[in-house]
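Read the structure below first, then the notes.
The values are calculated or read from the model by the stated rules, or taken from the named source; none is laboratory data. Here the structure is a predicted model, which means the values were calculated and not measured. Because the Cβ atoms are built from the backbone with ideal geometry, glycine has one as well, and the counts that use them run over all protein chains shown. To get the accessible areas, we keep the full protein, side chains included, count just its heavy atoms, and leave off ligands, DNA and RNA. Shrake-Rupley method; radii C 1.70, N 1.55, O 1.52, S 1.80 Å.
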Amino acid sequence: MATAGLLVQVFVVYGVNAVIKLRGEAWRSGEAVRYVFGIDALTVGLGDALAGQSWLLSLGAHAWLALLVASPLLLLATGRLRAALVGAFVGGHLFMFLTLRLGVFPLVSAAGLLVFLPPLVWDRVEAATADLRARAAGRWLPRPGGALLGRLDPPATRTVAALLLAFVLVWNASSLGLVALPAASGSVDPEQRRWDMFAPEPPKTDSWHVPVGTTADGERVDALRGGAPVFDVADSGATYPSHRWYVYLGDLRGAPALRPGLAAHLCERWDRTHASDLVRVEHVLVTRRVVLDGSAPVERRGLGTYDCP
């Protein structure tokens with residue numbers, strides 16, 4: 001039961017995402033990945049070079065959707081077919097890691113797929129690393145010892161595993177609208193916590209933030225990056241200092257409660273390194289629609305102005 005739960009949890013990620021993607025038009029038409037790679041804030045490394053390769057990105061969209069649809073074979077297939085399918089999924093995640101600003105998500109996903117590798121793969125790994133493991137034993141690796149945990153009652157552990165597996169299945173079925181859960185005040189909506197990355201439609205707007213600071217001398221500056229505020233940039237990805245800043249500023253649009261704290265932080269950081277202190281910060285959201293065959297102008301929207309403490 002516990003093994004089933006482990007495998008099903010990983011499969012559910014792909015199965016749910018496949019269903020949601022099939023509900024959108026862009027994935028079925030092959031345009032979805034072109035939209036994703038049209039967002040400069042998302043592309044990194046090889047992604048910048050591939051952004052203009054329309055035919056290759058369309059092929060990638062169809063290939064990834066086909067893999068997601070075939071994801072039940074992770075549970076049903078065995079031997080070489082399962083190994084090949086795992087290899088294809090891992091290859092897709094490594095491609096994401098090299099091209100998109102997704103943090104550790106692709107690496108965590110690839111690690112989760114290791115449990116599907118069949119014995120023929122692990123037998124070869126074991127044989128190929130026999131000498132290395134022999135040299136490492138007792139030197140870098142701890143010697144096997146007694147069980148860290150006492151032996152648990154098998155019926156109890158099976159019951160817990162069954163309940164957790166049932167929860168995973170019901171929750172994800174509810175996130176797809178297939179199962180109605182009883183309404184409760186303050187409950188979390190499964191449709192807001194589901195595996196819907198870039199689905200049913202990919203984002204079609206590039207965005208970046210320009211926190212416009214005003215100094216005591218009346219000068220307008222970019223309070224995050226320094227220098228004068230620049231709203232129309234060639235590469236929006238360069239406006240984010242790191243992946244964490246990208247995630248945080250992405251949340252800023254829909255979370256007004258975060259904005260005063262960010263303004264206070266920018267004021268304090270600026271004052272430590274500049275002669276003229278900031279007196280206020282205005283959060284400006286800059287957006288540009290992703291147009292597959294052309295370009296669109298930028299649009300600005302103020303998210304509030306905050307006085308420095």
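Take Ala32 and decide whether it is among the aliphatic types (A, V, I, L, M) and modelled with pLDDT of 95 or more.
Here the answer is yes, as Ala32 does meet what is asked.
Looking at (1) touching a residue at least 60 places away in the same chain (Cβ under 8 Å); (2) open to solvent by less than 30 Å² (accessible area, probe 1.4 Å); (3) within 26 Å of Leu100 (Cα to Cα), which one does Asp235 not meet, given that it meets all the others?
(2)
Being on the phi > 0 side of the Ramachandran plot and modelled with pLDDT of 90 or more is the filter; apply it to the stretch 176-204 and report the residue that is surrounded by the fewest Cβ atoms within 10 Å (Cβ to Cβ).
Gly177
What about Gly103, is it part of a helix (DSSP H, G or I), within 19 Å of the chain's Cα centre (by Cα), under 20 Å from Trp195 (Cβ atoms) and not hydrophobic (A, V, I, L, M, F, W, C)?
In short, no.
Which residues, taken from the stretch 246-279, are under 20 Å from Gly304 (Cα atoms), hydrophobic (A, V, I, L, M, F, W, C) and out of contact with any helix residue (DSSP H, G or I) (no Cβ under 9 Å at 6 or more places or on another chain)?
Val247, Ala255, Ala257, Ala263, Ala264, Leu266, Cys267, Trp270, listed by residue number.
Which residues, counting only those in the stretch 42-72, are open to solvent by 20 Å² or more (accessible area, probe 1.4 Å), of a type in the set (A, V, I, L, M, F, W, C) and part of a helix (DSSP H, G or I)?
Leu46, Ala49, Leu50, Trp55, Leu56, Leu59, Ala63, Trp64, Ala66, Leu67, Val69
Considering the stretch 251-267 alone, what residues qualify as being touching a residue at least 12 places away in the same chain (Cβ under 8 Å) and either polar (S, T, N, Q) or surrounded by 13 or more Cβ atoms within 10 Å (Cβ to Cβ) (or both)?
The initial filter retains those residues of the stretch 251-267 that are touching a residue at least 12 places away in the same chain (Cβ under 8 Å), namely 252-253, 256, 259-260, 262-264, 266-267.
The answer is Leu252, Arg253, Arg259, Pro260, Leu262, Ala263, Ala264, Leu266, Cys267.
Could you grab me the full set of residues in the stretch 205-226 that are in contact with a strand residue (DSSP E or B) (Cβ under 7 Å, 6 or more places away or on another chain), open to solvent by 50 Å² or more (accessible area, probe 1.4 Å) and of a type outside the set (A, V, I, L, M)?
Thr205, Arg220, listed by residue number.
When residues of the stretch 73-84 are filtered for being surrounded by fewer than 14 Cβ atoms within 10 Å (Cβ to Cβ) and either part of a helix (DSSP H, G or I) or in contact with a helix residue (DSSP H, G or I) (Cβ under 7 Å, 6 or more places away or on another chain) (or both), how many remain?
First, the residues of the stretch 73-84 that are surrounded by fewer than 14 Cβ atoms within 10 Å (Cβ to Cβ): 76, 78-81, 84.
Still in the running and either part of a helix (DSSP H, G or I) or in contact with a helix residue (DSSP H, G or I) (Cβ under 7 Å, 6 or more places away or on another chain) (or both): 76, 79-81, 84.
Number satisfying all stated conditions: 5.
If we only count strands (runs of 3 or more DSSP E) wholly inside the stretch 197-309, which ones have 3 or more residues that are under 29 Å from the mean Cα position of the chain (by Cα) and more than 29 Å from Phe105 (Cα to Cα)?
Where strands (runs of 3 or more DSSP E) fall fully within the stretch 197-309 and carry at least 3 residues being under 29 Å from the mean Cα position of the chain (by Cα) and more than 29 Å from Phe105 (Cα to Cα), they are 298-307.
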